[in-house]
Amino acid sequence: MAAPSVPTASSLVTEGLRQARIFYPTAAQISTYQTEVLEQLKNNLWQQVKQMKPLMTFSYLILVPGQSRYSCPTDYASDMTMVVETGLMTGNVSGATANTLTVPTPSGGFDINQTLGKDLGIMSGTASASVSQVTGLVNNANGTTTLTVYPDFQATPDSTSTWMLVDTQWPIEADHIANYDRFRPSSVDRPKKFYPMGDEDYDEFIFDVAPDNVYQYILRMRYYVNIMTLDLNSTLMSTLYQKFREYWIKGIKAQALADQDDTTANDAFKERDTKLQALILSQQYGTDIHTLRQHVEDY
């Protein structure tokens, strides 16, 4: 049996309308339910839960020497944690594909056992702030080395790009913004703390010290995404369509019944909300109990 196809906004709307006994919807109806009603359902989902597994993501940022203040990612919602990565092996790109990087072979060559599994970051130029893991290595006869990475680069690097192989990383501790003025030294160094603060855009953070110019630094930020910033056709929304499939369908059905003044609409809304609560529990960390076992002893 073939695997079921990944649901889309169109397929969810079509199924929801079908369950509301609208078997031949007009183009205008489909357009309305794919935009306005799905947007309402997305808003309802966001009001119910803001921290669930599908909404956890991470983003990379190249730190600028001397600059301690940065904006949060545009899709940031909450619970930011940070790790700084750095390394001594850097250079220019000789060639690249979507998932390979060809660089001049350093003196002594790359040791495959000391290179595999490390993060490789594009530090400037095309694909800047793209970070992938080294999964393969070939030392070529022409004095270059080709590194294979996963996942693919965000864009294909070129001759304008520079790279860094990560050797070291350390966590950045979060602290309250009230402590910033009290304890921040006036210097440059390796950041050890960050202070979250709000602004009129997407929130910001500031380090205890500005990054120095001795090393190059990549900042990895892990956080929960703000679902209200997502386009209905985005990749993450596609994941939410799949994981919350029954919620979207039942939501479309309930609204369609309400639009027809159907007396069963209230029951359909209750069914939608009940399904949503069950799905939320399954998508939050620490609530997966399918492997729980009981152990009873006689004392």
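Number of residues in region 106-117 that are open to solvent by 30 Å² or more (accessible area, probe 1.4 Å) and among the hydroxyl-bearing types (Ser, Thr, Tyr) equals 1.
Name the residue that is farthest from residue 219 (Cα to Cα), counting only residues in region 168-183 that are among the aliphatic types (A, V, I, L, M) and surrounded by 11 or more Cβ atoms within 10 Å (Cβ to Cβ). Out of the qualifying residues, it is 177. Residues in region 12-33 include none that are in contact (Cβ under 8 Å) with a residue 12 or more places away in the chain, open to solvent by 40 Å² or more (accessible area, probe 1.4 Å), under 27 Å from the mean Cα position of the chain (by Cα) and farther than 21 Å from residue 153 by Cβ.
I'd like to verify a number: residues in region 172-202 that are over 29 Å from residue 226 (Cα atoms) and either modelled with pLDDT of 90 or more or in contact with a Cys (Cβ under 8 Å, 6 or more places away or on another chain) (or both), how many? Adding up the residues that qualify gives 3. When you look at residue 136, is it touching a strand residue (DSSP E or B) at 6+ places or on another chain (Cβ under 7 Å), part of a loop (DSSP other than H, G, I, E, B) and farther than 20 Å from residue 215 by Cα, yes or no? So residue 136 does not fit the description; no. When residue 281 is tested against the conditions (1) over 14 Å from residue 13 (Cα atoms); (2) modelled with pLDDT of 90 or more; (3) open to solvent by 60 Å² or more (accessible area, probe 1.4 Å); (4) not in a loop (DSSP other than H, G, I, E, B), the lone failure is (2). Tallying residues that are over 22 Å from the mean Cα position of the chain (by Cα), among the aliphatic types (A, V, I, L, M) and within 13 Å of residue 85 (Cα to Cα) within region 206-232 yields 0.
For region 12-27, what are the residues that are at pLDDT 95 or above and small (Gly, Ala, Ser)? Within region 12-27, 16, 20 qualify.
If you check residue 120 against the conditions, is it buried (at least 16 other Cβ atoms within 10 Å of the Cβ), under 20 Å from the mean Cα position of the chain (by Cα) and either assigned to a strand (DSSP E or B) or not polar (S, T, N, Q) (or both)? Considered against the rule, which asks whether it is buried (at least 16 other Cβ atoms within 10 Å of the Cβ), under 20 Å from the mean Cα position of the chain (by Cα) and either assigned to a strand (DSSP E or B) or not polar (S, T, N, Q) (or both), residue 120 comes out as yes. Out of the residues in region 129-165 that are touching a Pro at 6+ places or on another chain (Cβ under 9 Å) and in contact (Cβ under 8 Å) with a residue 60 or more places away in the chain, which is surrounded by the fewest Cβ atoms within 10 Å (Cβ to Cβ)? It comes out as 130.
If we only count strands (runs of 3 or more DSSP E) wholly inside region 53-105, which ones have 1 or more residues that are crowded, with 18+ Cβ neighbours inside 10 Å and over 18 Å from the mean Cα position of the chain (by Cα)?
Because the criterion is at least 1 residues that are crowded, with 18+ Cβ neighbours inside 10 Å and over 18 Å from the mean Cα position of the chain (by Cα), the strands (runs of 3 or more DSSP E) in region 53-105 that meet it are 76-86, 100-104.
Residues in region 174-192 that are in contact (Cβ under 8 Å) with a residue 60 or more places away in the chain and out of contact with any Gly (no Cβ under 9 Å at 6 or more places or on another chain): 174, 190, 191.
The values are calculated or read from the model by the stated rules, or taken from the named source; none is laboratory data. Nothing here was measured: the structure is a model prediction, and the numbers come from that model. Reconstructed Cβ throughout: ideal geometry from the backbone, glycine too, with neighbour counts over all protein chains shown. Accessible surface areas use protein heavy atoms only, side chains included; no ligands, DNA or RNA. Shrake-Rupley method; radii C 1.70, N 1.55, O 1.52, S 1.80 Å.
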